[in-house]
Structure formats: C-alpha cells, structure tokens
Amino acid sequence: DPIADEHWHELFDRFNDYQFSLLDTETDRMAAMANSLPFRWEQELSELPEGGWDWVFLKAIEDHTNGKTPNVQSAIQINIHPDYQSQGLSTTMVQAMRGIARSKGFKHLVARVRPNQKSKYPLTSIDDYITWKNEEGLPFDAWLRVHVRAGAQIIKPCHQAMKISGR
C-alpha cells in the first residue's frame, strides 16, 4: 500500500500512544501487536468517506499537522502471531484498543475491518457478505464477530478502503 509505505513511521513519530503489543512473558516473544491513530470527525460516523484505511491515515496526519484536536480513534491493524491465534487474543487486543480510546476521552473507536473469510466467497459482494449471520444471529465472518461481540456496530461497507496496485 503506497500510503503505508510512505507514512508508516508517522504511527510512531506522531501517534506513539496509540500503538501497543502483547508480550508472552514466558517465552519473551511478541504474541500480538496493534496500531491505531486519532483524527477529528464532526459528522455522523455513517458519513465517513469511502476512502477508508488510506483516507483515515492521511486525515490523522493532516489533523495533527494542523493542530486539530482528535475526537475519534481509528484502528489500523491488529496482528496475532500464528502461534497465538485461536486463543482469544483478538478480543483482548480489541478491548485494549477500546481502552486507549476511553483513556483519551473518545466516544468512538472506528475500524475498517477486513473480513477474514470473505476471500472464500469471491462471487459474493461485500454488501451482501456483511449481512450474513450464523446460527447465533452474529456475523458469519469470524473477525466481524470479534468486533460485534466487543460492542461494535457494522455501519457500512467501505468499497475503497485501501489501494494496492499490481506491478
């Protein structure tokens, strides 16, 4: 992603308080890491633009540069090391990120969530896929389920969340 390639350092140069990791103290290995950043948004969350991940990254930098006080936190990513997957750490990491938002006085944490099972259904539109439910009435997709169980609400699909060009 060209935005990440050019601006990844900004997460640590400008927004260090919003980055965290989970260390396995028994093995001294990093089990998980997460990145987020703050931005200013005055409209309804349903009005967030289609630009998604790339847009919020640039918006946070612009707001910081212009001295705008942030009022929303946006998740950028949560990564769980393969050796630690399927142990409930996703929920732990989402809750920790929510804790950062609360500590900063933010009412909202937004996440452009990439459903991790969508690639199994390439002929299904994202608009339809996010409406699928399991037998419990929760989202069919496991990663969407993690967020909904943590209190999230699915607002809308973001059709232009990130641009990755082939070479």
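The values are calculated or read from the model by the stated rules, or taken from the named source; none is laboratory data. Please read all numbers here as calculations on a predicted model, not as lab measurements. As a convention, Cβ positions derive from the backbone with ideal geometry for all residues, glycine included, and neighbour counts pool all protein chains shown. To get the accessible areas, we keep the full protein, side chains included, count just its heavy atoms, and leave off ligands, DNA and RNA. Shrake-Rupley method; radii C 1.70, N 1.55, O 1.52, S 1.80 Å.
Assorted remarks:
- Hey, ASP13 under 21 Å from VAL72 (Cα atoms), of a type in the set (D, E, K, R) and buried (at least 17 other Cβ atoms within 10 Å of the Cβ) or not: no
- Residue ID - most open to solvent (accessible area, probe 1.4 Å), chosen from residues in region 89-110 that are modelled with pLDDT of 95 or more and part of a loop (DSSP other than H, G, I, E, B): LYS104
- Which listed residue, of GLN43, GLN19, is under 17 Å from the mean Cα position of the chain (by Cα) and either loosely packed, with under 10 Cβ neighbours inside 10 Å or under 15 Å from ILE80 (Cα atoms) (or both): GLN19
- Long-range neighbours under 8 Å by Cβ, at least six apart or interchain, first residue modelled with pLDDT under 95 and among the aliphatic types (A, V, I, L, M) within region 111-136, second open to solvent by 100 Å² or more (accessible area, probe 1.4 Å) and not in a helix (DSSP H, G or I): ILE126/HIS159
- So ASP1, is it charged (D, E, K, R), open to solvent by less than 30 Å² (accessible area, probe 1.4 Å) and within 24 Å of PRO157 (Cα to Cα): no
- One residue stands out in region 133-154 among those that are open to solvent by 80 Å² or more (accessible area, probe 1.4 Å) and either β-branched (Val, Ile, Thr) or assigned to a loop (DSSP other than H, G, I, E, B) (or both): the one that is nearest to GLU42 (Cα to Cα), namely GLN153.
- Qualifying position, being in contact with a helix residue (DSSP H, G or I) (Cβ under 6 Å, 6 or more places away or on another chain) and within 18 Å of VAL148 (Cβ to Cβ), among SER46, SER90: SER90
- Condition met for GLN160 (in a strand (DSSP E or B) and either of a type outside the set (A, V, I, L, M) or surrounded by fewer than 17 Cβ atoms within 10 Å (Cβ to Cβ) (or both)): no
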